[in-house]
1. Mind checking which residues of the range 172-222 are touching a residue at least 24 places away in the same chain (Cβ under 8 Å) and on the phi > 0 side of the Ramachandran plot?
2. Looking at Arg25, Arg67, Arg73, Arg14, which one is modelled with pLDDT of 95 or more and either open to solvent by 30 Å² or more (accessible area, probe 1.4 Å) or touching a Pro at 6+ places or on another chain (Cβ under 6 Å) (or both)?
3. Name, by its number, the condition in (1) in contact with a strand residue (DSSP E or B) (Cβ under 6 Å, 6 or more places away or on another chain); (2) over 20 Å from Thr134 (Cα atoms); (3) open to solvent by less than 30 Å² (accessible area, probe 1.4 Å) that does not hold for Arg8.
4. When the residues of the range 175-201 are narrowed to those that are of a type in the set (S, T, N, Q) and surrounded by fewer than 16 Cβ atoms within 10 Å (Cβ to Cβ), which ends up farthest from the chain's Cα centre (by Cα)?
5. For the subset of the range 76-114 comprising residues that are surrounded by 14 or more Cβ atoms within 10 Å (Cβ to Cβ) and in contact with an Asp or Glu (Cβ under 6 Å, 6 or more places away or on another chain), which member is nearest to Trp187 (Cα to Cα)?
6. Go through the range 202-220 and count every residue that is within 13 Å of Leu140 (Cα to Cα), open to solvent by 50 Å² or more (accessible area, probe 1.4 Å) and not charged (D, E, K, R).
7. Considering only the range 1-24, how many residues are in contact with a His (Cβ under 9 Å, 6 or more places away or on another chain) and of a type in the set (A, V, I, L, M, F, W, C)?
8. Does the range 94-106 hold any residues that are farther than 7 Å from Val121 by Cβ and modelled with pLDDT under 90, and which are they?
Amino acid sequence: MTAPPVVRLSPDGRELDSLLGPQVRLLGVSGSPGAGKSTLAAALALRLGGRVVPMDGFHYADVELRRRGLLARKGAPETFDAEGYAALLARVRERRAGEAPVVAPAFERDLEQPLAGAVAVPDEAHEETGLVVTEGNYLLLDEPRWAAVRTPLDAVWHVVVDEPLRRGRLLARHEAYGKSAADAAAWVASVDDPNAVLVEGVRHRADLVLDLTAWSPAGGSGLP
């Protein structure tokens, strides 16, 4: 398989204007934990008047993870309702003007739990572009339940940043949500790092790789 092209974003993100063609209405953004998927997805949706449907909304709740014996692996592929995610994306793909919005779940970081019915995705008649961006780690996994997630998407962009930056973000994120420095480091080593290895192992399946290392969305990315 031919490796996807790599685009390194400038600090102002000017390259984004020419990357998203009008034929793309359902865009996937994949990448390892801490690579910047959520930031890029939000910036694209803000610029183009679209919606973001996060994969994290399809986390199993802690009560179900505990029942399955998976709570200590929260964030790994098997801790998500991939089938439900694929079904919702298929509904978004097939929606028609005038139909009721598809309503997707989100993930509440303060609670560390999924939140049902949080993201309304109107039909294209109510959108400037009709763009929907969905972001998550596992969009490119070559497994049947995750391949079904990829099927409705017009394109998948895989995002990367330099490794010290990515790991620093992860540690800061875990500490911000209540973990001690030691517990944050342990979680990154035991959960986030193995997940990153898995995710980077399938980056060749992306349509495009975006290097976000130099991008500064908070400093005037060109994305209003």
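1. The answer is Gly220, Gly222.
2. Numbers: Arg25 fails: modelled with pLDDT of 95 or more; Arg73 fails: modelled with pLDDT of 95 or more; Arg14 fails: modelled with pLDDT of 95 or more.
Checking each option against the conditions leaves just Arg67.
3. For Arg8, the failing item is (3).
4. Restricting attention to the range 175-201, the residues satisfying the condition of being of a type in the set (S, T, N, Q) are 180, 190, 195.
Subset that is surrounded by fewer than 16 Cβ atoms within 10 Å (Cβ to Cβ): 180, 190.
Values: Ser180: 26, Ser190: 21 Å.
Applying the filter and picking the extreme gives Ser180.
5. In this case the residue turns out to be Phe107.
6. Of all residues in the range 202-220, those within 13 Å of Leu140 (Cα to Cα) come to 202-209.
Still in the running and open to solvent by 50 Å² or more (accessible area, probe 1.4 Å): 203-205, 207.
Subsequent filtering for residues that are not charged (D, E, K, R) retains 204.
Final tally of qualifying residues: 1.
7. Of all residues in the range 1-24, those in contact with a His (Cβ under 9 Å, 6 or more places away or on another chain) come to 1-4.
Going one step further and asking which of them are of a type in the set (A, V, I, L, M, F, W, C), we end up with 1, 3.
Summing the residues that are in contact with a His (Cβ under 9 Å, 6 or more places away or on another chain) and of a type in the set (A, V, I, L, M, F, W, C) in the range 1-24 gives 2.
8. Correct list: Glu94, Arg95, Arg96, Ala97, Gly98, Glu99, Ala100.
The values are calculated or read from the model by the stated rules, or taken from the named source; none is laboratory data. All values derive from a computational prediction rather than experimental measurement. With ideal geometry, Cβ positions are generated from the backbone for all residues, glycine too; neighbour counts draw on all protein chains shown. To get the accessible areas, we keep the full protein, side chains included, count just its heavy atoms, and leave off ligands, DNA and RNA. Shrake-Rupley method; radii C 1.70, N 1.55, O 1.52, S 1.80 Å.
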